[in-house]
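Below is one structure; the comments refer to it alone.
The values are calculated or read from the model by the stated rules, or taken from the named source; none is laboratory data. Because the structure is predicted, anything quoted here is derived from the model rather than measured. With ideal geometry, Cβ positions are generated from the backbone for all residues, glycine too; neighbour counts draw on all protein chains shown. Accessible surface areas use protein heavy atoms only, side chains included; no ligands, DNA or RNA. Shrake-Rupley method; radii C 1.70, N 1.55, O 1.52, S 1.80 Å.
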Amino acid sequence: MLRPMTRFEAARIRGIQQSDIRKQSRRCAEVSGVNLGQGICDQPVPDVVKAAAKAAVDGDESIYSKYEGIDALRRAIAGKMADYNGLPCDPDTEVMVTAGSTGGFVAAVLSFIEPGDEVLLISPFYGYHMNILRMAQPTLRSVTLRGDDFALDHDELRAAFSPRTKAVVVNTPSNPCGKVFGRDDLAVIAELCCEHDALAITDEIYEYILYDGHRHLSLATLPGMRERTITLSGFSKTYNMTGWRLGYAVAAPELAARMGVVSDLVYICAPTPLQHGVLAAFDLPASYYEDLARDYDRKRAMILDACGAAGLRPLVPQGAYYLMADVTGAGFTDGREACETLLEGCGVAAVPGASFYVDPADGKTQLRLCFAKQFDDLERAREGIARLPDARRGAARA
Ligand code: GLN
């Protein structure tokens, strides 16, 4: 008898499955639903960026770039890091263009994390952070944000650090809960990283999407953090180009050099013509970013409204373009069941909250909705979500 094909499987991928995020997209396509599951961000790329990418293709900018990216783009990123993040950096030694911010995360993990290390995650987290880490086989520890405002308990955080802590992963604004970490939380994270000589890997990809006056703060700007923080960001969310796979990492020269060697081995470089294309984004006026934030504010309001009408209790995000909602008020005891009814009965995909926690029980009654969609899609989603109470009664009768 044949043994299952999994006999070939390496220990580093044992138990890792296709993410619920992607699973929901496939299922959503099957029922031609509105996809508020995976954050695909299907909105138009700015015209100037498209034109610059087309010109780069036509101009045969089609060979490998340096593994750290084209010079002009690294210089532009360094300018943005100084202006927006308050983090001046050397474009030649401290900036690396990566294959999406995920490419930067993979490079950081492969470069610095190994079995025996402890890595600290903050739940709810972006599942790719956990699963990429699992491939490097560290011991994962987690602290869970609690309450409707996803508060970080500083004592719990302190207790989760140990002499073996190699790194902490911070995602601000957070996917999935929209938490924007303020100076009080970041100062404690910084103090603990310094005390334990640990790295920080911060994913700041949603840095321009902020609500209610919240401000983005980069952990690397806090005392003692510059030399131990790998700051990841990218273009996917700000310019609606999740499929272009363009991100970047900023880190001290010694760290950036190691990550550069690793990303060269994994994928050589980010797509060269697209690097030339995105360069044009740096000429967009300040109003582009204001419009982006204002549109997302309206989109958030639409989905908050829709949730309220269906008995889903939204946990209001401070940033990013997702919101988590508690499903118990809508008559469900489990977020998975609510996602099922929402998709099958209302044609709207969402992601079960349990997929964002180390202990799935913590997110059992939650689901995540993504509102990075065009207004007419969100209108359709709003109509679908409004049918949830009826769909639940229908499902209960069946
Ligand atoms: N960041 C997006 C999300 O959380 C997309 C993730 C993905 O497709 N891997 O939904």
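Zone of Ala293 (label point 7 Å along Cα→Cβ, backbone N under 18 Å): which residues in segment 202-233?
204-219
Order Lys364, Lys373, most accessible first, counting only protein heavy atoms with a 1.4 angstrom probe. If you can, show how the numbers build up before the last one.
Details: Lys364 95, Lys373 10 Å².
Most to least solvent-accessible, the answer reads Lys364, Lys373.
Which entries of Lys179/Lys237; Lys299/Lys373; Lys80/Lys373; Lys54/Lys80; Lys23/Lys237; Lys237/Lys373 show an alpha-carbon separation above 18 angstrom in the structure shown? Before the final figure, lay out the partial values.
On the way: Lys179/Lys237 16 Å; Lys299/Lys373 8 Å; Lys80/Lys373 26 Å; Lys54/Lys80 24 Å; Lys23/Lys237 21 Å; Lys237/Lys373 11 Å.
Check vs 18 Å cut-off fails for Lys80/Lys373; Lys54/Lys80; Lys23/Lys237.
Let me spell out the model: positive unit charges on the Cβ of Lys and Arg, negative unit charges on the Cβ of Asp and Glu, origin at the Cα centre of segment 38-132. What dipole size does that give, in debye rounded to 20?
Details: 6 positive and 14 negative charges, 50 e Å.
It comes to approximately 240 debye.
What angle do you read, to the nearest 10 degrees and between 0 and 90, between the alpha-carbon axis of helix 335-346 and the longest principal axis of the chain?
It is inclined by approximately 70 degrees.
Taking the dipole about the Cα centre of the chain, with the C-beta of Lys and Arg at +1 and of Asp and Glu at -1, give me whichever of Cys307, Met5, Val97 is farthest to the positive side.
The listed residue farthest towards the positive side: Met5.
Separation of segment 26-43 and segment 178-228 by C-alpha centroid, Å?
31
How large is the Rg to Rh ratio of segment 186-283 when both quantities use alpha carbon positions and Rh follows Kirkwood?
Working: Rg = 15.3 Å, Rh = 15.1 Å.
Answer for segment 186-283: 1.01.
So what is the relative contact order of segment 163-223, in percent, for Cα pairs below 8 Å that sit 6 or more residues apart? The partial results should precede the final answer.
Numbers: 72 pairs, mean separation 27.8, N = 61.
Relative contact order, segment 163-223: 46 percent.
Could you put Lys166, Lys237 in order of accessible surface area, largest first, with the 1.4 Å probe and the full protein assembly present? Please report the intermediate quantities before stating the final value.
Details: Lys166 60, Lys237 30 Å².
These residues rank, largest area first, as Lys166, Lys237.
Translational diffusion coefficient of segment 244-287 at 10 °C, 1.306 mPa s, Stokes-Einstein with Kirkwood Rh over Cα pairs, in µm²/s as a whole number.
130
Quickly estimate the mean residue ellipticity at 222 nm for the chain, helices only: each DSSP H run with n ≥ 4 gives -39500 (n - 2.57), and the total goes over all residues, rounded to 500. Let's see the in-between values first.
Values: 13 runs with 161 residues, N = 398.
Only helices count here, giving -12500 deg cm²/dmol.
Accessible area per residue for segment 187-286 in Å², computed with a 1.4 Å probe and the full protein assembly in place, what is it?
Per residue, segment 187-286 has 35 Å² of solvent-accessible surface.
Out of Ala11, Ala309, Ala108, any idea which swings most in a Gaussian network model of the chain, alpha carbons joined below 10 Å?
Among Ala11, Ala309, Ala108, the largest mean-square fluctuation in the Gaussian network model of the chain belongs to Ala11.
Keeping the other protein chains in place, figure out the carbon and sulfur percent of the accessible area of segment 261-343, with a 1.4 Å probe. List each step's numbers first, then the result.
Values: 1820 of 3220 Å².
Here carbon and sulfur together make up 57 percent of the probe-accessible area.
Which angle between 0 and 90 degrees, to the nearest 10, do you get for helix 183-195 versus the longest principal axis of the chain when only C-alpha atoms count?
50
From the phi angles alone, apply the Karplus equation (6.51, -1.76, 1.60; θ = phi - 60°) to segment 262-269 and give each ³J(HN,Hα) in whole Hz, x where the residue is Gly or Pro.
Working through the residues one at a time gives 5, 5, 4, 6, 7, 9, 6, 6 Hz.
Could you compute the FRET efficiency for Met5 and Glu156, with r as their C-beta to C-beta distance and R0 at 51 Å, rounded to 0.05? Intermediate results must be reported in sequence, preceding the final value.
Values: r = 41 Å, r/R0 = 0.81.
So, using R0 = 51 Å, E works out to roughly 0.80.
Using alpha-carbon positions, what is the distance between the centroids of segment 284-326 and segment 66-113, in Å?
Each part's Cα centre sits 29 Å from the other's.
Springs between alpha-carbon pairs under 10 angstrom, Gaussian network model over the chain: which of Leu369, Leu110, Leu284 fluctuates most?
Of Leu369, Leu110, Leu284, the Gaussian network model singles out Leu284 as fluctuating most.
For the Cα atoms of the chain, what angle does the longest principal axis make with the long axis of helix 100-112, in degrees from 0 to 90, nearest 10?
Tilt relative to the chain: about 60 degrees.
How much of Thr333 can a 1.4 Å solvent probe reach, expressed as accessible area in Å² and rounded to 10?
90
Using 0.36 nm times the number of residues separating Tyr64 and Asp390, minus their current alpha carbon distance, what extension gain do you get? It would help to have the intermediate numbers written out before the result.
Details: separation 326, 0.36 × 326 = 117.36 nm, distance 5.48 nm.
Stretched fully, the Tyr64-Asp390 segment lengthens by 111.9 nm.
Evaluate the charge dipole of segment 184-281 about its Cα centre and quote only its size in Debye, nearest 20, assuming +1 on the Cβ of each Lys and Arg and -1 on the Cβ of each Asp and Glu. Numbers along the way, then the final one.
Details: 6 positive and 12 negative charges, 100 e Å.
Charge dipole, segment 184-281, about its Cα centre: 480 debye, nearest 20.
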